[in-house]
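Report on the following structure.
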Amino acid sequence: MNIGIDLGTTNSALAYIDPQEAAEADFPPIHVLPVEQQIDAHRTAALRTLPSFLFLGDTPIVGAYAREQGALLPTKTIHSAKSWLSNSEADRTAKILPWDSQEEGRILSPVEASTQYLSHLRNSWERSKGSSLASHRVVLTVPASFDEEARELTVQAARDAGIENLTLLEEPAAAFYAWIASHLARSNKELFDGQTVLVCDVGGGTSDFTLVRVDREGDRVQFTRTTVGRHLLLGGDNLDLTISWLAESKLGKTLSLRQRSALRRQCSAAKERLLAEGGPEAVDVTVVGAGSAL
(Lines give C-alpha, C1' and ligand atoms only; values in the text may rest on other atoms or scores of the structure.)
Protein backbone atom coordinates (compact mmCIF):
# COMPACT_ATOMS: atom_id res chain seq x y z
CA MET A 1 0.00 0.00 0.00
CA ASN A 2 1.31 3.46 -0.88
CA ILE A 3 0.47 5.90 1.92
CA GLY A 4 0.84 9.66 2.11
CA ILE A 5 0.70 11.73 5.30
CA ASP A 6 0.31 15.50 5.48
CA LEU A 7 1.54 16.59 8.90
CA GLY A 8 0.06 20.07 8.90
CA THR A 9 0.25 23.05 11.22
CA THR A 10 -3.51 23.19 11.71
CA ASN A 11 -4.75 19.92 10.19
CA SER A 12 -3.19 16.56 9.34
CA ALA A 13 -4.42 13.82 7.03
CA LEU A 14 -3.61 10.36 5.70
CA ALA A 15 -4.35 9.18 2.16
CA TYR A 16 -3.51 6.00 0.30
CA ILE A 17 -3.55 4.26 -3.08
CA ASP A 18 -4.70 0.66 -3.34
CA PRO A 19 -1.99 -1.39 -5.13
CA GLN A 20 -4.56 -3.37 -7.12
CA GLU A 21 -6.12 -0.15 -8.41
CA ALA A 22 -2.62 1.19 -9.14
CA ALA A 23 -1.90 -1.85 -11.31
CA GLU A 24 -5.01 -1.21 -13.37
CA ALA A 25 -4.71 2.55 -14.01
CA ASP A 26 -2.03 5.15 -14.65
CA PHE A 27 -3.77 7.53 -12.25
CA PRO A 28 -5.58 5.36 -9.67
CA PRO A 29 -8.01 6.96 -7.21
CA ILE A 30 -6.61 8.42 -4.01
CA HIS A 31 -8.51 7.47 -0.87
CA VAL A 32 -8.54 9.68 2.23
CA LEU A 33 -8.65 7.74 5.49
CA PRO A 34 -11.46 8.87 7.82
CA VAL A 35 -9.64 9.51 11.11
CA GLU A 36 -11.49 8.42 14.24
CA GLN A 37 -11.27 11.11 16.93
CA GLN A 38 -13.13 12.59 19.85
CA ILE A 39 -15.50 15.41 18.80
CA ASP A 40 -16.99 16.25 22.21
CA ALA A 41 -16.88 14.95 25.78
CA HIS A 42 -18.90 11.85 24.94
CA ARG A 43 -18.73 11.16 21.20
CA THR A 44 -16.22 10.17 18.55
CA ALA A 45 -16.47 10.43 14.77
CA ALA A 46 -14.36 9.62 11.72
CA LEU A 47 -13.35 12.86 9.96
CA ARG A 48 -11.33 13.46 6.78
CA THR A 49 -8.74 15.51 8.64
CA LEU A 50 -7.22 15.46 12.10
CA PRO A 51 -6.89 18.94 13.63
CA SER A 52 -3.28 19.26 14.82
CA PHE A 53 -4.25 20.08 18.40
CA LEU A 54 -3.32 18.22 21.59
CA PHE A 55 -5.30 18.77 24.80
CA LEU A 56 -3.39 17.81 27.93
CA GLY A 57 -6.19 16.65 30.22
CA ASP A 58 -6.09 13.62 32.50
CA THR A 59 -5.92 11.64 29.26
CA PRO A 60 -4.29 13.45 26.31
CA ILE A 61 -6.72 14.08 23.43
CA VAL A 62 -5.78 14.75 19.80
CA GLY A 63 -8.05 16.24 17.14
CA ALA A 64 -11.35 18.09 16.89
CA TYR A 65 -12.28 18.01 20.59
CA ALA A 66 -8.77 19.11 21.55
CA ARG A 67 -9.20 22.11 19.25
CA GLU A 68 -12.49 23.06 20.91
CA GLN A 69 -11.01 22.61 24.39
CA GLY A 70 -8.13 24.84 23.36
CA ALA A 71 -10.53 27.77 23.10
CA LEU A 72 -11.63 27.14 26.71
CA LEU A 73 -8.33 26.04 28.28
CA PRO A 74 -5.51 27.47 26.15
CA THR A 75 -2.86 26.83 28.81
CA LYS A 76 -3.48 23.07 28.50
CA THR A 77 -3.59 22.90 24.70
CA ILE A 78 -0.79 22.51 22.17
CA HIS A 79 -1.25 23.88 18.66
CA SER A 80 1.00 24.99 15.79
CA ALA A 81 3.71 22.52 16.82
CA LYS A 82 4.94 22.44 13.22
CA SER A 83 5.68 26.17 13.36
CA TRP A 84 7.85 25.56 16.40
CA LEU A 85 9.47 22.57 14.71
CA SER A 86 10.65 24.87 11.94
CA ASN A 87 11.72 27.76 14.19
CA SER A 88 15.51 27.86 14.18
CA GLU A 89 15.46 30.43 17.01
CA ALA A 90 13.90 27.90 19.42
CA ASP A 91 15.26 24.71 20.99
CA ARG A 92 13.01 22.36 19.07
CA THR A 93 13.72 19.37 21.29
CA ALA A 94 13.04 21.26 24.55
CA LYS A 95 9.78 21.02 26.46
CA ILE A 96 8.40 24.44 25.48
CA LEU A 97 4.74 23.57 24.81
CA PRO A 98 1.99 24.58 25.48
CA TRP A 99 3.48 28.02 24.89
CA ASP A 100 0.46 29.77 26.46
CA SER A 101 1.12 27.94 29.73
CA GLN A 102 3.39 29.05 32.55
CA GLU A 103 6.92 27.64 32.53
CA GLU A 104 6.04 24.75 34.86
CA GLY A 105 3.13 23.80 32.61
CA ARG A 106 5.22 23.32 29.48
CA ILE A 107 5.67 19.57 29.29
CA LEU A 108 6.24 18.57 25.64
CA SER A 109 8.64 19.49 22.86
CA PRO A 110 7.52 20.25 19.28
CA VAL A 111 8.95 16.86 18.28
CA GLU A 112 6.94 15.04 20.96
CA ALA A 113 3.74 16.86 19.99
CA SER A 114 4.30 15.92 16.33
CA THR A 115 4.80 12.31 17.41
CA GLN A 116 1.40 12.40 19.12
CA TYR A 117 -0.34 13.48 15.90
CA LEU A 118 1.46 10.87 13.81
CA SER A 119 0.74 8.16 16.39
CA HIS A 120 -2.96 9.02 16.25
CA LEU A 121 -2.93 8.69 12.45
CA ARG A 122 -1.04 5.40 12.68
CA ASN A 123 -3.47 3.99 15.26
CA SER A 124 -6.46 5.09 13.17
CA TRP A 125 -5.00 3.34 10.12
CA GLU A 126 -4.29 0.12 12.00
CA ARG A 127 -7.75 0.00 13.57
CA SER A 128 -9.41 0.69 10.22
CA LYS A 129 -7.27 -1.50 7.95
CA GLY A 130 -6.04 -4.19 10.32
CA SER A 131 -2.44 -3.92 9.13
CA SER A 132 0.62 -2.29 10.63
CA LEU A 133 1.53 1.07 9.14
CA ALA A 134 5.18 0.11 9.61
CA SER A 135 4.78 -2.56 6.91
CA HIS A 136 3.86 0.00 4.24
CA ARG A 137 5.79 2.66 2.35
CA VAL A 138 4.92 6.10 3.71
CA VAL A 139 5.51 9.48 2.06
CA LEU A 140 5.50 12.36 4.56
CA THR A 141 5.33 15.95 3.34
CA VAL A 142 7.48 18.80 4.68
CA PRO A 143 7.80 22.47 3.67
CA ALA A 144 10.43 22.98 0.97
CA SER A 145 11.94 25.70 3.16
CA PHE A 146 12.48 23.39 6.16
CA ASP A 147 16.14 23.38 7.16
CA GLU A 148 18.03 20.12 7.66
CA GLU A 149 17.38 20.05 11.40
CA ALA A 150 13.62 20.49 10.91
CA ARG A 151 13.63 17.62 8.39
CA GLU A 152 15.63 15.38 10.71
CA LEU A 153 13.32 16.16 13.62
CA THR A 154 10.27 15.37 11.45
CA VAL A 155 11.81 11.98 10.65
CA GLN A 156 12.53 11.47 14.36
CA ALA A 157 8.89 12.25 15.24
CA ALA A 158 7.70 9.76 12.62
CA ARG A 159 10.02 7.01 13.85
CA ASP A 160 9.02 7.67 17.45
CA ALA A 161 5.43 7.13 16.23
CA GLY A 162 6.37 3.75 14.76
CA ILE A 163 6.66 4.87 11.12
CA GLU A 164 9.94 3.52 9.72
CA ASN A 165 9.66 3.05 5.93
CA LEU A 166 9.63 6.76 5.27
CA THR A 167 10.26 9.16 2.38
CA LEU A 168 10.06 12.95 2.71
CA LEU A 169 8.40 14.93 -0.09
CA GLU A 170 8.41 18.71 -0.27
CA GLU A 171 4.89 20.14 0.01
CA PRO A 172 4.99 22.39 -3.09
CA ALA A 173 6.08 19.38 -5.16
CA ALA A 174 3.20 17.34 -3.72
CA ALA A 175 0.78 20.15 -4.56
CA PHE A 176 2.19 20.43 -8.10
CA TYR A 177 1.91 16.67 -8.72
CA ALA A 178 -1.65 16.68 -7.37
CA TRP A 179 -2.58 19.54 -9.72
CA ILE A 180 -1.14 17.68 -12.70
CA ALA A 181 -2.98 14.47 -11.77
CA SER A 182 -6.31 16.27 -11.44
CA HIS A 183 -5.87 18.48 -14.55
CA LEU A 184 -4.31 16.08 -17.05
CA ALA A 185 -5.69 17.64 -20.22
CA ARG A 186 -4.87 21.16 -19.07
CA SER A 187 -1.36 20.28 -17.85
CA ASN A 188 -0.51 18.52 -21.13
CA LYS A 189 -1.54 21.65 -23.01
CA GLU A 190 -0.02 24.29 -20.71
CA LEU A 191 3.29 22.73 -19.60
CA PHE A 192 6.03 23.05 -22.22
CA ASP A 193 9.77 22.41 -22.41
CA GLY A 194 11.89 25.01 -20.65
CA GLN A 195 8.97 26.50 -18.77
CA THR A 196 9.35 27.69 -15.18
CA VAL A 197 6.39 27.26 -12.84
CA LEU A 198 5.94 29.17 -9.57
CA VAL A 199 4.23 27.00 -6.95
CA CYS A 200 2.72 28.92 -4.01
CA ASP A 201 1.80 26.82 -0.99
CA VAL A 202 0.14 28.86 1.78
CA GLY A 203 -0.48 26.59 4.75
CA GLY A 204 -1.66 26.95 8.30
CA GLY A 205 1.64 28.17 9.69
CA THR A 206 4.08 28.52 6.81
CA SER A 207 4.16 29.81 3.25
CA ASP A 208 6.34 28.10 0.64
CA PHE A 209 7.30 29.51 -2.76
CA THR A 210 9.10 27.18 -5.14
CA LEU A 211 10.24 27.41 -8.77
CA VAL A 212 9.98 24.22 -10.84
CA ARG A 213 11.57 23.79 -14.28
CA VAL A 214 9.76 21.71 -16.90
CA ASP A 215 11.87 19.55 -19.24
CA ARG A 216 9.79 17.95 -21.96
CA GLU A 217 10.82 15.62 -24.76
CA GLY A 218 7.90 14.05 -26.58
CA ASP A 219 5.72 12.25 -24.05
CA ARG A 220 8.48 12.29 -21.44
CA VAL A 221 8.21 15.09 -18.88
CA GLN A 222 10.61 15.79 -16.03
CA PHE A 223 10.26 18.37 -13.26
CA THR A 224 13.20 19.87 -11.38
CA ARG A 225 12.91 22.12 -8.35
CA THR A 226 15.33 24.97 -9.02
CA THR A 227 14.68 27.55 -6.30
CA VAL A 228 13.08 27.66 -2.85
CA GLY A 229 12.02 30.87 -1.15
CA ARG A 230 13.24 31.67 2.33
CA HIS A 231 11.31 30.15 5.22
CA LEU A 232 8.23 32.21 6.09
CA LEU A 233 6.38 31.57 9.35
CA LEU A 234 3.28 33.10 7.85
CA GLY A 235 0.01 31.35 7.08
CA GLY A 236 -3.57 30.73 8.13
CA ASP A 237 -2.70 31.09 11.83
CA ASN A 238 -1.67 34.68 11.15
CA LEU A 239 -4.93 35.37 9.32
CA ASP A 240 -6.85 34.04 12.33
CA LEU A 241 -4.86 36.23 14.72
CA THR A 242 -5.37 39.31 12.53
CA ILE A 243 -9.12 38.77 12.23
CA SER A 244 -9.46 38.17 15.98
CA TRP A 245 -7.35 41.28 16.72
CA LEU A 246 -9.62 43.32 14.45
CA ALA A 247 -12.71 41.91 16.17
CA GLU A 248 -11.28 42.62 19.63
CA SER A 249 -10.39 46.19 18.64
CA LYS A 250 -14.02 46.80 17.69
CA LEU A 251 -15.15 45.65 21.15
CA GLY A 252 -13.30 48.49 22.84
CA LYS A 253 -12.15 46.33 25.78
CA THR A 254 -9.24 44.07 26.64
CA LEU A 255 -10.06 40.36 26.67
CA SER A 256 -8.66 37.70 28.96
CA LEU A 257 -6.42 34.94 27.57
CA ARG A 258 -9.35 32.53 27.64
CA GLN A 259 -11.68 34.97 25.88
CA ARG A 260 -9.02 35.79 23.31
CA SER A 261 -8.43 32.09 22.56
CA ALA A 262 -12.17 31.49 22.19
CA LEU A 263 -12.46 34.51 19.89
CA ARG A 264 -9.56 33.30 17.76
CA ARG A 265 -11.19 29.89 17.35
CA GLN A 266 -14.51 31.49 16.37
CA CYS A 267 -12.78 33.80 13.90
CA SER A 268 -10.98 30.83 12.36
CA ALA A 269 -14.27 28.96 11.94
CA ALA A 270 -15.91 32.10 10.52
CA LYS A 271 -13.07 32.53 8.02
CA GLU A 272 -13.49 28.95 6.81
CA ARG A 273 -17.25 29.37 6.41
CA LEU A 274 -16.95 32.71 4.60
CA LEU A 275 -14.33 31.42 2.17
CA ALA A 276 -16.09 28.12 1.46
CA GLU A 277 -17.84 27.68 -1.86
CA GLY A 278 -21.39 28.96 -1.46
CA GLY A 279 -20.58 30.33 2.00
CA PRO A 280 -22.57 33.10 3.72
CA GLU A 281 -21.78 36.80 3.35
CA ALA A 282 -21.60 37.37 7.12
CA VAL A 283 -21.03 35.30 10.27
CA ASP A 284 -21.80 36.32 13.86
CA VAL A 285 -19.04 35.97 16.46
CA THR A 286 -19.80 36.01 20.19
CA VAL A 287 -17.43 36.67 23.09
CA VAL A 288 -18.56 35.24 26.42
CA GLY A 289 -17.82 37.37 29.47
CA ALA A 290 -16.24 36.14 32.69
CA GLY A 291 -19.63 36.25 34.38
CA SER A 292 -23.01 36.30 32.71
CA ALA A 293 -22.20 39.29 30.52
CA LEU A 294 -21.46 39.15 26.80
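The residue of the stretch 233-258 that is nearest to the chain's Cα centre (by Cα), among those that are surrounded by 15 or more Cβ atoms within 10 Å (Cβ to Cβ) and of a type in the set (A, V, I, L, M), is LEU233.
For the stretch 114-128, filtered to residues that are without any contact (Cβ under 8 Å) to a residue 60 or more places away in the chain and more than 16 Å from LYS82 (Cβ to Cβ), the residue that is surrounded by the fewest Cβ atoms within 10 Å (Cβ to Cβ) is GLU126. Here GLY218, GLY229, GLY204 are screened, and the one residue that is modelled with pLDDT under 90, within 16 Å of CYS267 (Cβ to Cβ) and not assigned by TED's automatic domain parsing to the domain that holds GLN259 is GLY204. Each residue in the stretch 64-100 was checked for being within 19 Å of the chain's Cα centre (by Cα) and basic (Lys, Arg), and 3 of them qualify. Quick check on the stretch 178-199: of everything there that is in a helix (DSSP H, G or I) and in contact (Cβ under 8 Å) with a residue 12 or more places away in the chain, which residue is surrounded by the fewest Cβ atoms within 10 Å (Cβ to Cβ)? Checked the stretch 178-199; the qualifying residue surrounded by the fewest Cβ atoms within 10 Å (Cβ to Cβ) is LEU184.
Just a yes or no: is a residue in the stretch 111-119 under 20 Å from the mean Cα position of the chain (by Cα), acidic (Asp, Glu) and within 16 Å of ALA161 (Cβ to Cβ)? Yes, because at least one residue in the stretch 111-119 is under 20 Å from the mean Cα position of the chain (by Cα), acidic (Asp, Glu) and within 16 Å of ALA161 (Cβ to Cβ). One residue alone among PHE176, PHE192 is over 21 Å from the mean Cα position of the chain (by Cα) and either aromatic (Phe, Trp, Tyr) or within 30 Å of SER268 (Cα to Cα) (or both), and that residue is PHE192. When SER114 is tested against the conditions (1) within 21 Å of SER256 (Cα to Cα); (2) touching a Ser or Thr at 6+ places or on another chain (Cβ under 9 Å), the lone failure is (1). In the stretch 214-231, the residues that are in a loop (DSSP other than H, G, I, E, B) and surrounded by 15 or more Cβ atoms within 10 Å (Cβ to Cβ) reach residues that are at pLDDT below 90 and β-branched (Val, Ile, Thr) with C-beta atoms within less than 9 angstrom, at least six apart or across chains, in these pairs: HIS231/THR206.
Here LEU263 fits the description: surrounded by 19 or more Cβ atoms within 10 Å (Cβ to Cβ), under 26 Å from THR10 (Cα atoms) and not hydroxyl-bearing (Ser, Thr, Tyr).
Listed by position, the helices (runs of 4 or more DSSP H) contained in the stretch 1-113 that have at least 1 residues being crowded, with 18+ Cβ neighbours inside 10 Å, touching a residue at least 60 places away in the same chain (Cβ under 8 Å) and in the same structural domain as ALA157 (by TED's automatic domain parsing) are 64-72, 81-85. Taking GLN20 as the residue in question, decide whether it is more than 28 Å from LEU234 (Cα to Cα), polar (S, T, N, Q) and modelled with pLDDT under 95. Yes, satisfied. Take LEU133 and decide whether it is surrounded by 21 or more Cβ atoms within 10 Å (Cβ to Cβ) and among the aliphatic types (A, V, I, L, M). In short, yes.
The values are calculated or read from the model by the stated rules, or taken from the named source; none is laboratory data. Predicted, not measured: the structure shown is a model, and the values here were computed from it. When we count neighbours, we look across all protein chains shown, and the Cβ atoms used for this are built from the backbone with ideal geometry, even at glycine.
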